[in-house]
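Colleague: Got a structure for you, questions after.
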Amino acid sequence: MAEEKTLLLTQEAYDKMKEELAWREGEYRDEILSKVSAARAEGDLSENGGYQAAREAQRVNQGRIDELTVKLRNAKILVAPKEGEVGDGSVVTLDLNGRELVYVLGTRDLSIATDYDIISPESPIGAAINGAHAGDTVSYTAPNGREISVTIKEAKPLV
């Protein structure tokens with residue numbers, strides 16, 4: 001079994017995942033079971049496209065239920081750093097070669113709670129800005145080997 005990592009989530013992301021899990025375990029699962037039953041009643045299952053599609057939907061739904069269950073079990077509610085500090089859960093405004101870019105530093109699972117693009121703390125740029133402060137200029141090595149400097153214009157907690 002793979003090692004399960006702690007998943008940092010905002011309260012909003014955690015609540016949305018919990019809502020999705022409840023929907024998939026309840027209403028959506030019942031809807032799929034109704035489709036399976038209706039298709040089964042049509043007869044020969046080996047050539048019944050509706051039955052096969054309903055069973056596939058059932059498998060996909062169960063996979064997502066399993067995924068959400070593990071994520072919620074390993075979730076820790078994120079306490080974002082103070083204004084001006086960059087850390088998990090920070091909305092960061094960066095100046096990259098004269099272009100202003102806004103990201104959230106954190107796992108991609110935070111995308112459920114925000115419209116901002118996400119930067120992973122494990123990525124080269126994420127590792128470089130993590131722990132820095134507004135006004136700092138940091139550099140990182142891009143995957144192509146080029147050294148890139150970025151200035152942190154603003155850092156605020158994701159609310």
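The values are calculated or read from the model by the stated rules, or taken from the named source; none is laboratory data. Quick caveat, the model's predicted, so the values are computed rather than measured. Glycine also receives a Cβ, built like all others from the backbone with ideal geometry; neighbour counts cover every protein chain displayed. Areas reflect the complete protein model, heavy atoms only, side chains present, ligands, DNA and RNA absent. Shrake-Rupley method; radii C 1.70, N 1.55, O 1.52, S 1.80 Å.
Colleague: Under the classification rounded if a/c is under 1.5, otherwise prolate if a/b is larger than b/c and oblate if not, where does the stretch 109-156 fall, given a ≥ b ≥ c as square roots of the Cα gyration tensor eigenvalues? Walk me through the numbers on the way to the answer.
Modeller: Values: a/c = 2.44, a/b = 1.32, b/c = 1.85.
Oblate, since a/c reaches 1.5 and b/c is not below a/b.
Colleague: Where both partners of a DSSP beta bridge lie in the chain, what percent of those bridges are antiparallel, to the nearest 5?
Modeller: Details: 18 of 24 bridges.
So the antiparallel bridges in the chain amount to around 75 percent.
Colleague: Any idea what the dipole of the stretch 7-77 comes to, in debye rounded to 20, about its Cα centre with Lys/Arg Cβ at +1 and Asp/Glu Cβ at -1?
Modeller: Numbers: 12 positive and 14 negative charges, 71 e Å.
In debye, rounded to 20, the stretch 7-77 gives about 340.
Colleague: Per residue of the stretch 92-105, in order, report the coupling 6.51 cos²θ - 1.76 cosθ + 1.60 (Karplus, θ = phi - 60°) as ³J(HN,Hα) in whole Hz, putting x for Gly and Pro.
Modeller: Listing the rounded values in order: 10, 9, 10, 10, 10, 6, x, 9, 8, 10, 10, 9, 10, 8 Hz.
Colleague: For the chain, what does the relative contact order come out to in percent, with C-alpha contacts under 8 Å and a separation of six or more? Intermediate results must be reported in sequence, preceding the final value.
Modeller: On the way: 264 pairs, mean separation 38.0, N = 159.
That works out to 24 percent.
Colleague: Moving on. Taking θ = phi - 60°, what integer Hz values does the Karplus form 6.51 cos²θ - 1.76 cosθ + 1.60 yield along the stretch 49-60, in sequence order, with x for Gly and Pro?
Modeller: Result, ordered by residue: x, x, 5, 4, 5, 5, 5, 5, 4, 5, 5, 5 Hz.
Colleague: Karplus couplings for the stretch 24-38 from phi (6.51 cos²θ - 1.76 cosθ + 1.60, θ = phi - 60°), rounded to Hz, Gly and Pro as x?
Modeller: For the stretch 24-38, the Karplus curve yields 5, 7, x, 3, 5, 4, 4, 4, 5, 4, 5, 5, 4, 4, 5 Hz.
Colleague: Turning to a different aspect of this structure: Need the full-extension length gain, Glu67 to Asn48, defined as separation in residues times 0.36 nm minus the C-alpha distance. One decimal, nm. Numbers along the way, then the final one.
Modeller: Values: separation 19, 0.36 × 19 = 6.84 nm, distance 2.90 nm.
Once the chain is fully extended between Glu67 and Asn48, it gains 3.9 nm.
Colleague: Shifting gears a bit: Note down the accessible area of Glu100, probe 1.4 Å, to the nearest 10 Å².
Modeller: Roll a 1.4 Å probe over it and Glu100 shows about 110 Å².
Colleague: Something else: Gap in Å between the Cα centre of the stretch 59-86 and the Cα centre of the stretch 96-159?
Modeller: 20 Å
Colleague: Based on DSSP H runs of at least 4 residues, each adding -39500 (n - 2.57), what is the mean residue ellipticity at 222 nm of the chain after dividing by all its residues, to the nearest 500 deg cm²/dmol?
Modeller: On the way: 4 runs with 60 residues, N = 159.
Theoretical 222 nm ellipticity from helices: -12500 deg cm²/dmol.
Colleague: Taking a ≥ b ≥ c as the square roots of the Cα gyration tensor eigenvalues, with a/c under 1.5 meaning rounded and otherwise prolate when a/b beats b/c, else oblate, which class fits the chain? Write out the running numbers ahead of the final one.
Modeller: Values: a/c = 3.32, a/b = 2.51, b/c = 1.32.
Prolate shape, in that a/c is at least 1.5 and a/b is the bigger ratio.
Colleague: In addition: Could you compute how much accessible surface Thr6 exposes when probed at 1.4 Å, giving the result in Å² to the nearest 10?
Modeller: 90 Å²
Colleague: Right, another one. Using a 1.4 angstrom probe on the protein heavy atoms only, line up Lys71, Lys156, Lys82 by accessible area, largest first. Mind dumping the intermediate values first?
Modeller: Details: Lys71 35, Lys156 70, Lys82 140 Å².
Correct descending sequence by accessible area is Lys82, Lys156, Lys71.
Colleague: Once label points are set 7 Å from the Cα along Cα→Cβ at both Ser37 and Ala127, what is their separation, rounded to one decimal in nm?
Modeller: So the label points at Ser37 and Ala127 sit 5.4 nm apart.
Colleague: For Arg73, what accessible surface area do you get with a 1.4 Å probe? Give it in Å², rounded to 10.
Modeller: Near enough 140 Å² of accessible area.
Colleague: Now for a separate question. About the Cα centre of the stretch 85-157, how large is the charge dipole given +1 on each Lys and Arg Cβ and -1 on each Asp and Glu Cβ? Please answer in debye to the nearest 20. Before the final figure, lay out the partial values.
Modeller: On the way: 5 positive and 11 negative charges, 29 e Å.
Result for the stretch 85-157 is approximately 140 debye, rounded to the nearest 20.
Colleague: Can you give the FRET efficiency for Tyr28 and Val79, using 1/(1 + (r/R0)^6), R0 = 35 Å, r = Cβ-Cβ distance, to the nearest 0.05? Don't jump to the answer; show the numbers that get you there.
Modeller: Working: r = 32 Å, r/R0 = 0.92.
The computed FRET efficiency comes out at 0.60.
Colleague: Dipole of the chain, Cα-centred, from +1 at each Lys and Arg C-beta and -1 at each Asp and Glu C-beta, to the nearest 20 debye? Can you show the working numbers first?
Modeller: Working: 19 positive and 28 negative charges, 36 e Å.
Its charge dipole is roughly 180 debye.
Colleague: Given a cut-off of 30 Å, name the pairs among Lys5/Lys156; Lys35/Lys71; Lys71/Lys153; Lys18/Lys156 whose C-alpha atoms lie farther apart than that in the structure shown. Intermediate values should be presented prior to the final figure.
Modeller: Numbers: Lys5/Lys156 25 Å; Lys35/Lys71 28 Å; Lys71/Lys153 32 Å; Lys18/Lys156 26 Å.
From Lys5/Lys156; Lys35/Lys71; Lys71/Lys153; Lys18/Lys156, over 30 Å: Lys71/Lys153.
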